[in-house]
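Engineer: Quick one: structure below, then a few questions.
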Amino acid sequence: MKISVILKILISVFIIFSISTIFSIMIFISAMEESAAKINLQAEYKQIGFDILNGLDRLTGLARSYSQFGQKFYYTEYLYEFHTENIRGKTITQLKELGIPEDSLALVNKAIGYSNALAETEAKAFKAVENNNYEQARNLLFGKEYNDRRNQIITTIKEFQISINEMAEIEVNRAKQVITRLLFTTIALVFSTIMTAIASFVIITKKINSIDRLTEAVKEAAKGNLDTSITSDAKDEIGDLTRSFATMLKTIKSITTYLDYLAKTDTLTQVANRHSFLKNAPSFFDFHIRLGNPIAILFFDIDNFKSINDKFGHAFGDDVLKNFANIVSEAIRSFDLFCRYGGEEFILLLSNTDQVNAISIGKRIMKNIEQTVFSERPDFKYSTSAGLFTNIPQKGESVEEYINKADQAMYLAKKNGKNRIEVYKEK
């Protein structure tokens, strides 16, 4: 077969693969955007259920506070939440905009029906308060019938959350499957294009260097080296392919970086999560064992955090957690380990720090907390209790043992009045 015919065939195949690769990359990027959108939509679905339950807790808390104390502030806040915020109406509108299935929407309507019945009981209680009949008001709002209606709402909303989560998980998993197939297809097309290009430009020697560079970049990427740098100013198919491949590498690297970030970081407070902390702590221990230097563990627990959530709402509770994490992060060194251990619990692992210095750091953190002012609630103050354990680590000891001792000391701090540091003492 003539070389010209071979070249024509190879070039034709090369062009087809190049165009297919470009389209595949475009589809892959589009699928990634769609997957991100579905993940965000899943978060919206979950947030709606939380908003309904938080709104229910907020209204119940205000109604009960009014029935107990008779202060108009609670009644005014209740009316604002009930009428101005209009959580129920906004929820239905939002769900319809998100395209929620009718059967799931029916659960929300069912919960709203229960909520209306609950509101009628609350109105009767308010009437009793106006007549100074606090006992009747409390019987209405703390009685079995009222609690049963609340439980009906909660059960219905949880059914809604389960159905929505299942639907969202199916959508997200389907998107991930599509992305996986597209990724393998794209890589296969890239390799096919490269092989065709190599066969074509073996004859056209001036293109061999470009093909070799691109081939090496693809091999590195296949090994997992996503930092491979490759560029091309060429205006031909090889240049297009090189730039498309570089774009694909950037996209994959961005996704990988984000997933790695999610695996190591608590997304609310932006500090290390429990998994990351427990993964890094052993090497931290080994370093101090070799040097014979002391370490200190401060186990923090924000005082009365449940009450903060109940009284001011989970959104404000999240602000308190973020504020605490920022205060500690600013007070420590870059080589100390700090993480959100779970809920309102945080752990600070201090390098080369004895008991005196650890107490000093803990007290400085507590002082900074006392001086914190929240713009939305200037009169609000919170505190934290801490348990401290310091020692020079020995071979065979584990970070879990140190955490457990600091945890025991923290509970002692809670028992002895909170907003204090207690040091673990061997029994």
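Engineer: Working carefully through the options Phe126, Phe184, find the one that is at pLDDT below 85, loosely packed, with under 14 Cβ neighbours inside 10 Å and of a type in the set (Phe, Trp, Tyr).
Structural biologist: None of the others qualify; the one that does is Phe184.
Engineer: If only one of Ala175, Ala217 is closer than 30 Å to Asp103 by Cβ, out of contact with any Leu (no Cβ under 6 Å at 6 or more places or on another chain) and at pLDDT below 70, which one is it?
Structural biologist: One residue alone meets the criteria, Ala175.
Engineer: Something else: Just need a number here: residues in the range 295-314 that are small (Gly, Ala, Ser) and buried (at least 24 other Cβ atoms within 10 Å of the Cβ).
Structural biologist: Of the residues in that region, 1 qualify.
Engineer: Does any residue in the range 371-398 that is in the same structural domain as Ala281 (by TED's automatic domain parsing) and farther than 24 Å from Phe312 by Cα come within less than 7 Å, Cβ to Cβ, of a residue that is assigned to a loop (DSSP other than H, G, I, E, B) and aromatic (Phe, Trp, Tyr) six or more places away or on a different chain, and which pairs are these?
Structural biologist: Partner pairs satisfying both residue conditions: Gly387/Tyr424; Leu388/Tyr424; Phe389/Tyr424.
Engineer: Only one of Leu298, Leu350 is modelled with pLDDT of 90 or more and in contact with an Asp or Glu (Cβ under 8 Å, 6 or more places away or on another chain). Can you tell me which?
Structural biologist: Leu350
Engineer: Another question, if that's okay. Go through (1) out of contact with any Ser or Thr (no Cβ under 9 Å at 6 or more places or on another chain); (2) surrounded by 13 or more Cβ atoms within 10 Å (Cβ to Cβ); (3) of a type outside the set (A, V, I, L, M, F, W, C) for Asp379 and report which single condition fails.
Structural biologist: All conditions pass for Asp379, except number (2).
Engineer: While we're here: Within the range 261-318, work out how many residues are touching a residue at least 24 places away in the same chain (Cβ under 8 Å) and of a type in the set (S, T, N, Q).
Structural biologist: Residues in the range 261-318 being touching a residue at least 24 places away in the same chain (Cβ under 8 Å) and of a type in the set (S, T, N, Q): 7 in total.
Engineer: Going by the conditions given, is Ser375 closer than 27 Å to Leu291 by Cα and at pLDDT below 95?
Structural biologist: It is false that Ser375 is closer than 27 Å to Leu291 by Cα and at pLDDT below 95.
Engineer: Tell me which residues, restricted to the range 358-398, are closer than 19 Å to Arg333 by Cβ and of a type in the set (D, E, K, R).
Structural biologist: Matches in the range 358-398: Lys363, Arg364, Lys367.
Engineer: Go through the range 315-372 and give me each residue that's closer than 20 Å to Phe285 by Cα, among the aromatic types (Phe, Trp, Tyr) and surrounded by fewer than 19 Cβ atoms within 10 Å (Cβ to Cβ).
Structural biologist: Residue satisfying the conditions is Phe335 alone.
Engineer: Scan the range 372-427 for residues that are β-branched (Val, Ile, Thr) and farther than 16 Å from Glu345 by Cα and jot them down.
Structural biologist: Of everything in the range 372-427, those that are β-branched (Val, Ile, Thr) and farther than 16 Å from Glu345 by Cα turn out to be Thr372, Val373, Thr390, Ile392, Val399, Val423.
Engineer: If Asn147 meets every condition in (1) within 21 Å of Lys311 (Cα to Cα); (2) modelled with pLDDT under 85; (3) exposed (fewer than 13 other Cβ atoms within 10 Å of the Cβ) apart from one, which number is that one?
Structural biologist: Unmet for Asn147, out of (1) within 21 Å of Lys311 (Cα to Cα); (2) modelled with pLDDT under 85; (3) exposed (fewer than 13 other Cβ atoms within 10 Å of the Cβ): (2).
Engineer: If you check Val190 against the conditions, is it closer than 23 Å to Ile16 by Cβ and either in contact with a strand residue (DSSP E or B) (Cβ under 7 Å, 6 or more places away or on another chain) or modelled with pLDDT of 70 or more (or both)?
Structural biologist: Taking the combined requirement at face value, the residue satisfies it.
Engineer: Filter the range 291-318 down to the residues that are more than 26 Å from Asn404 (Cα to Cα) and among the aromatic types (Phe, Trp, Tyr) and list them by number.
Structural biologist: Across the range 291-318, the qualifying residues are Phe312, Phe316.
The values are calculated or read from the model by the stated rules, or taken from the named source; none is laboratory data. Please read all numbers here as calculations on a predicted model, not as lab measurements. Note that we place each Cβ from the backbone using ideal geometry, even for glycine, and neighbour counts take in every protein chain shown.
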